[in-house]
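Notes for the one structure printed next.
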Amino acid sequence: MSRIDPTFAQLKAQGRKALIPYITAGFPFADITPTLMHAMVEAGSDVIELGVPFSDPMADGPVIQRAGEKALALGIGTVQVLDMVREFRQRDDKTPVVLMGYANPVERYDLERGEGAFVRDAAEAGVDGVLIVDYPPEECEAFAAELRKHGMDLIFLLAPTSTEKRMQQVARIASGYVYYVSLKGVTGAGNLDTQAVGEALPRIRQHVKVPVGVGFGIRDAQSARAIGKVADAVVIGSKVIQVAEEQPRGNAAAALGAFLREIRSALDDNH
């Protein structure tokens, strides 16, 4: 079992919601990621989503695309991302880490190192879950089973456009949590409609029995508090990237910590 289930169980027992920030590995500096991850945890984050840079990130908006391009230019690939998780694990053995990315880097990793190498090496590094944006549920039952065998979860996206059939497919193989994309479009786009999210989640929960996190469009304490009232977790990506990007190197961790503490405080006000 990964660290994700116990984390959500503990939060539920406390009547609290999970805070899940996303950061692109190797951004804004090649070696800063473990430091930023520790700052996120110290600020009250419960799970960390770590983006694996990829050259064609079709679900990501301009902010996360730019972060990925910069990380790639700094030489960050899957090997380096796993090294970052290993470094983080030297000081933190409790906080779940989810790798978020696309099929291409995973498949390339296995092509270069042998079938099953990605799952084996991710588990060894201390990864708890994997979210592959372009893996549809009907095509990755074997991958999900292999991850579970190694104590990791396969996390799926659901969207306002997801059909009942898609929810049922996801429910059958998802573990850890599912990530509900609150907007149609790419990350960092549009305005958040909290009422629409509140209406969508009961429909999802009819099928999906794992916790439901909501992301895309959450940018501040106010939107996080509103989503925290209806979701099990709040996921923040583009705004986290922007906060890190705007700072000089020496201040990035502190600025990120200050921003996330504000979000944590807003979520805890709800209970």
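The values are calculated or read from the model by the stated rules, or taken from the named source; none is laboratory data. Note that the coordinates shown come from a computational prediction; the quantities given were computed from them, not determined experimentally. Neighbour counts run over all protein chains shown; Cβ positions are idealised from the backbone, glycine included.
Below, the figures for the structure above:
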quantity: Residue 236 closer than 15 Å to residue 63 by Cβ, in contact with a Pro (Cβ under 9 Å, 6 or more places away or on another chain) and touching a residue at least 60 places away in the same chain (Cβ under 8 Å); calculated: yes
quantity: Residue in the range 23-40 that is surrounded by 24 or more Cβ atoms within 10 Å (Cβ to Cβ), in contact with a helix residue (DSSP H, G or I) (Cβ under 9 Å, 6 or more places away or on another chain) and aromatic (Phe, Trp, Tyr) present; calculated: yes
quantity: Unique match (being out of contact with any strand residue (DSSP E or B) (no Cβ under 7 Å at 6 or more places or on another chain), closer than 28 Å to residue 6 by Cβ and touching a residue at least 12 places away in the same chain (Cβ under 8 Å)) among 43, 59; calculated: 43
quantity: Count of residues meeting criterion [part of a helix (DSSP H, G or I) and either out of contact with any Cys (no Cβ under 8 Å at 6 or more places or on another chain) or on the phi > 0 side of the Ramachandran plot (or both)] in the range 125-175; calculated: 22
quantity: Filter result for the condition that a residue is of a type outside the set (D, E, K, R), out of contact with any Gly (no Cβ under 7 Å at 6 or more places or on another chain) and within 24 Å of residue 119 (Cα to Cα), over 59, 71; calculated: 59
quantity: Every residue from the range 185-213 that is modelled with pLDDT under 95 and within 19 Å of residue 22 (Cβ to Cβ); calculated: 185, 186, 187, 188, 189, 190, 192, 197
quantity: Pair list, Cβ < 8 Å and 6+ apart or interchain, from the range 108-123 residues that are surrounded by fewer than 19 Cβ atoms within 10 Å (Cβ to Cβ) to residues that are assigned to a loop (DSSP other than H, G, I, E, B) and not hydrophobic (A, V, I, L, M, F, W, C); calculated: 110/116; 120/150; 123/150; 123/151
quantity: Qualifying residues in the range 67-86 (those that are of a type in the set (D, E, K, R) and surrounded by fewer than 17 Cβ atoms within 10 Å (Cβ to Cβ)) - the one farthest from residue 102 (Cα to Cα); calculated: 86
